[in-house]
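Scroll down for the structure; my scribbles are underneath it.
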Amino acid sequence: MATVEFNHIKKSYGSVEAIRDFNLSVDDGDFCVFVGPSGCGKSTALKMLAGLEATTSGTIQIGGRDVTELGPGNRDIAMVFQNYALYPHMTVRKNIGFGLKMRGMPGNEINAKVEDAAKILELTNYLDRKPKALSGGQRQRVALGRAIVREPSAFLMDEPLSNLDAKLRVQTRAEIVNLQKRLGVTTIYVTHDQTEALTMASKIVVMRDGMIQQIGTSHELFTHPRNIFVAGFIGSPGMNFFRGPVELDAGQPVTRFGGHLVRLPAATAALAGTDAVFGIRPEHIQLTTSPINVGLRLVESLGTEKILHFQIPKGQSLTNTEADFGPDDQDRDVQSMLIRVIDDHIYQEGQSVSLLFPQDKIHVFDPATHAAIG
Amino acid sequence: MQRSKLGQIGIYTAVIVTVVLLLFPIYWMTITALSPANQLRSFPPVFFPEEPQWGVFSELLATQPFALWLKNTILIAVATMILALSVSILAAYALSRYRLRGGATIGMFILTSKMLPATLLVIPFFAIFKQMGLVGSLWSVVITQSTLIVPFCTWMLKGYFDTIPEELEHAALVDGCSPFATIFRIVLPVAAPGLAATALYAFVISWSDFLFARTFLQTSESQWTLNMGIAALKGEYITDWNVIMAASLMASIPILLVFLVLERFLVGGLASGAEK
Ligand SMILES: Nc1ncnc2c1ncn2[C@@H]1O[C@H](COP(=O)(O)OP(=O)(O)OP(=O)(O)O)[C@@H](O)[C@H]1O
Ligand SMILES: [Mg+2]
């Protein structure tokens, strides 16, 4: 059990900068999740922590000990891989015990520990099988067993659930969280699935292009995204954006949405006379009598939950490059805003609805730097 | 249903034809060995001799130093196999795992040595071995065969190593294995089918060598191999084909034995199951 620290870590592959100035400190017992679009450098960061990839510059500490120059076997960490990487020529028992054997533990002690781990993961009946004869979920548990039996000071996991089907993924997600709580071992977990990040993490690190965008709890990321990227990436669907002028109406800051006044948070008053980007989450838009009327372009129904699409007034939408949330978010249409409603009402395409953007739910961003204001 | 039955018949026919074609030379060797000398050129050919001459084997063993030839051949084949594999395992691993500058070019380049005809190399090798005092030693054949076999073995093994996911080794490193130990504890066991195929290749090639043995060992009869011995059975005026075929049959038995031992590795599908 230990803290984990990255200090000014950089990683280049030739001219490609995979990680730029990565600084992070993870507390003892934390469940820290790295999340971000494909290719943002999550796996690279994790591999450097494991010692499987050399750092270009910077230092890494585990439990206060500088491990930057140590090999993977000397860092006292255990790792779970996306494809599980079980040793195919060994039985489950040998797979789980391999790390202990390499550390010179006597056979009978290894056996006792392997049996304990197998009991926790309900693998007792499979100990003498080869990985080939296991289901995907069982293989995944063997990979977990291999990690926990070592009692390391940190667990490193790289998308360990992405090869499971949806139902098993949700179930295993909960099992991993419970296991981590019970063992109290500091865990660094990599995923590109924000639902996993939000549900599992005590600390989330949002990454993009090798840079940390924001570090926080799921609540912090949700309520106070530091920039447009985090706001659009976190949440499903992510935040809606539109641009508009900041004006003063009787001393109160307002913007215009298709000509109609929208009240802004009081702190925005200082921006009067400039343009800004405004964000509001799909679940925060209220359907109530108001001067803003829009026609629904598309209605997606998931039973009681519905996603209503409507068009952003001309000239107020962001460009595709401004709203780039990675390859996992290709279906985002910058011309549309979404409303997420849960009610029994039936909505029709083409129908007109009136909306309210609650003043305290509006996020304001700098159009040049994309940073949150206020 | 109808079609799959037809397909099955087709497959079986193809299998039977292939097997017959492959086994016919062995069958012909056997009946030639067992026929009396005066029946060998009869026409129409005799497909099974009326009185099989089993005595040909004991006569061969009694009159020729067959055991000595066998011993020399086994020594050469086993030593070549071990030497060639030790070198090519490490070379193939390096080519497969390390991003070397011009790695692909090196890979292709080592194969070009395979394109040179062996006869071209015999004379320079002879000159070198003469200086080193290796002419007449089994090592001369082991070294020559290894140099020719290593490039191809390296290429074969690289192909097998490439299919082993890198994460498997990463997992072993994290588990506390040293980089060198991961080769022996993880990579080689997982590549067992490939290793067996490569070993078999090295063994068979060096077992069937005639050119090098004939050049380097001709003058020292105690170092003769099976192929040299069999060749020497061919007389200047009369050739006892039944004796030669009997010797050839006995010479191919060890190859069959090696194949039987390696077979269970060859047919493995061990790598499946490493991943999800
Ligand atoms: N060995 C390498 N050589 C060159 N570039 C590399 C290498 N490994 C990774 N990269 C680059 O570094 C960047 C980060 O890769 P990384 O694997 O860390 O992404 P990731 O966030 O894990 O993505 P994913 O979600 O797809 O797994 C990518 O642009 C990738 O192309
Ligand atoms: Mg990755």
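The values are calculated or read from the model by the stated rules, or taken from the named source; none is laboratory data. Quantities reported herein were computed from a predicted structural model and do not represent experimental measurements. Here the Cβ positions follow ideal geometry from the backbone for every residue, glycine too, while neighbour counts run over all protein chains shown. All accessible areas refer to the heavy atoms of the entire protein, side chains included, with ligands and DNA or RNA removed. Shrake-Rupley method; radii C 1.70, N 1.55, O 1.52, S 1.80 Å.
At 1.4 Å probe size, with no ligands or nucleic acids counted, give the accessible surface of A:H224 in Å², nearest ten.
Ignoring ligands and nucleic acids, A:H224 comes out at about 130 Å².
Accessible area of B:E263, 1.4 Å probe, to the nearest 10 Å²?
In the full protein context, B:E263 sits at about 80 Å².
Roughly how many nanometres apart are two label points built 7 Å out from the Cα toward the Cβ at B:L68 and B:S178?
With each label placed 7 Å out from Cα toward Cβ, I get 4.6 nm.
Enumerate the aspartates and glutamates that B:K130 could reach by cross-link, defined here as Cα to Cα under 18 Å, with residues fewer than 8 away along the same chain left out.
B:E221
Cut-off 16 Å, label point 7 angstrom out along Cα-to-Cβ of A:A267: give me the residues of the stretch A:346-373 whose amide nitrogen falls inside.
Answer for this model: A:359-367, A:370-373.
Apply the Karplus curve 6.51 cos²θ - 1.76 cosθ + 1.60, θ = phi - 60°, to the phi angles in the stretch B:178-186 and return the couplings in whole Hz, x for Gly and Pro.
7, x, 5, 5, 4, 4, 7, 8, 10
Please list the non-local residues whose amide H lies under 5 Å from the amide H of A:V80, H modeled 1.01 Å from N, same-chain partners needing a gap of 5 or more.
A:L156, A:M157, A:D158
If chain A were replaced by its equivalent ellipsoid, with semi-axes equal to the square roots of 5 times the Cα gyration tensor eigenvalues, what would those be, largest first, whole Å?
Details: eigenvalues 429, 117, 49 Å².
Taking √(5λ) for each eigenvalue gives 46, 24, 16 Å, largest first.
Just checking the output field for A:101-113: average partner chain Cβ neighbours within 10 Å of each residue's Cβ?
Numbers: counts 4, 9, 2, 1, 0, 0, 0, 0, 0, 0, 0, 0, 0.
Going residue by residue through A:101-113 and averaging, the value is 1.
Fully extended, how many nm does the chain gain between B:I123 and B:L260 (0.36 nm per residue separation, minus their Cα-Cα distance)?
Stretched fully, the B:I123-B:L260 segment lengthens by 45.7 nm.
Sorted by mean Cβ packing within 10 Å, highest first, what order do the peptides A:67-77, B:162-172, A:135-145, A:243-253 take? Present the calculation step by step, with values, prior to reporting the outcome.
Details: A:67-77: 17.8, B:162-172: 19.5, A:135-145: 21.3, A:243-253: 14.5.
Ranking, from highest mean packing down: A:135-145, B:162-172, A:67-77, A:243-253.
Going by average Cβ density within 10 Å per residue, which order do the peptides A:228-234, A:27-33, A:296-302 take, highest to lowest?
Working: A:228-234: 25.6, A:27-33: 18.6, A:296-302: 13.6.
Descending mean neighbour count gives A:228-234, A:27-33, A:296-302.
Taking θ = phi - 60°, what integer Hz values does the Karplus form 6.51 cos²θ - 1.76 cosθ + 1.60 yield along the stretch A:260-273, in sequence order, with x for Gly and Pro?
Each residue of the stretch A:260-273 in turn: 8, 6, 10, 6, 10, x, 3, 4, 6, 3, 4, 8, 3, x Hz.
Amide H to amide H, which residues 5 or more places from A:A323 or on other chains are under 5 Å from it, using H placed in the peptide plane?
For A:A323, no residues qualify.
Near the amide H of A:F257, under 5 Å away, which other amide H atoms are found, from residues 5 or more places off or on another chain, if H is placed in the peptide plane?
Sorted by chain and number, the residues that satisfy this are A:V262.
Which whole-angstrom value gives the distance between the alpha carbon centres of the stretch A:26-95 and the stretch A:297-371?
The stretch A:26-95 and the stretch A:297-371 have Cα centres spaced 38 Å from each other.
In whole Å, what is the distance between the alpha-carbon centres of the stretch A:169-189 and the stretch B:147-178?
Using only Cα atoms to place each centre, the spacing works out to 33 Å.
Going from most exposed to least, what order do A:I110, B:I11 have by accessible area with a 1.4 Å probe? If you can, show how the numbers build up before the last one.
Details: A:I110 25, B:I11 105 Å².
Reading off the accessible areas and sorting them downward yields B:I11, A:I110.
So if we plug the beta-carbon distance of B:A104 and A:T289 into 1/(1 + (r/R0)^6) with R0 = 56 Å, what FRET efficiency do we get, rounded to 0.05? Mind showing how you got there, number by number?
Values: r = 70 Å, r/R0 = 1.24.
Here the calculated transfer efficiency is 0.20.
With +1 on the Cβ of every Lys and Arg and -1 on the Cβ of every Asp and Glu, and nothing else charged, how large is the dipole of chain A about its Cα centre, in debye rounded to the nearest 20? All intermediate terms of the calculation are to be shown ahead of the outcome.
On the way: 38 positive and 41 negative charges, 242 e Å.
Roughly 1160 debye for chain A.
May I ask you to rank B:M156, A:M211, A:M79 by accessible area, largest first, using a 1.4 Å probe over the protein chains only?
Numbers: B:M156 50, A:M211 80, A:M79 15 Å².
The residues order as A:M211, B:M156, A:M79, largest area first.
Using a 10 Å cut-off on Cβ to Cβ distances, tally the other chain neighbours for every residue of B:175-181 and report the average as a whole number. Each step should come with its number before you reach the end.
Details: counts 16, 13, 6, 3, 3, 0, 2.
Taking all residues of B:175-181 together, the mean is 6.
Tell me the label-point distance for the pair A:S352, B:F24, using the 7 Å Cα-to-Cβ offset, in nm and rounded to one decimal.
My value for the distance between the label points is 9.0 nm.
Show me, for the stretch A:194-208, the HN-Hα J-couplings you get by feeding each phi into the Karplus relation (A = 6.51, B = -1.76, C = 1.60, θ = phi - 60°), rounded to Hz, glycine and proline as x.
Taking θ as phi minus 60°, the curve returns 5, 5, 4, 4, 5, 7, 9, 7, 8, 9, 10, 10, 8, 10, 7 Hz for the stretch A:194-208.
Summarise the partner chain shielding of A:77-84 as one whole number: the mean count of Cβ atoms from other chains within 10 Å of each residue's Cβ. Intermediate results must be reported in sequence, preceding the final value.
Numbers: counts 1, 3, 6, 2, 9, 3, 7, 8.
The shielding value for this peptide is 5.
How far is it, in nm, from the label point at B:L61 to the one at B:E166 when both lie 7 Å from their Cα along the line to the Cβ?
Inter-label distance under the simple model: 5.7 nm.
Using the Cβ atoms and a cut-off under 11 Å, what net charge is assigned to the surroundings of A:A368, where Lys and Arg are +1 and Asp and Glu are -1?
On the way: positive: none; negative: A:D275, A:E322, A:D366.
Here the charged neighbours net out to -3.
Largest first, what is the accessible-area ranking of A:T186, B:T63, A:T44 with a 1.4 Å probe? Write down the numbers at each step before the final one.
On the way: A:T186 0, B:T63 90, A:T44 20 Å².
Heavy-atom accessible area, descending, gives B:T63, A:T44, A:T186.
Say the dipole of the stretch B:152-258 comes from +1 at the beta carbon of Lys and Arg and -1 at that of Asp and Glu; which of B:C177, B:T198, B:L233 then lies farthest toward its positive end?
B:L233
Set the bar at 28 Å for Cα to Cα. Now go through A:K47/A:K101; A:K10/A:K132; A:K10/A:K94; A:K314/A:K361 and name every pair that lies beyond it.
Numbers: A:K47/A:K101 23 Å; A:K10/A:K132 39 Å; A:K10/A:K94 37 Å; A:K314/A:K361 23 Å.
Distance filter (> 28 Å) returns A:K10/A:K132; A:K10/A:K94.
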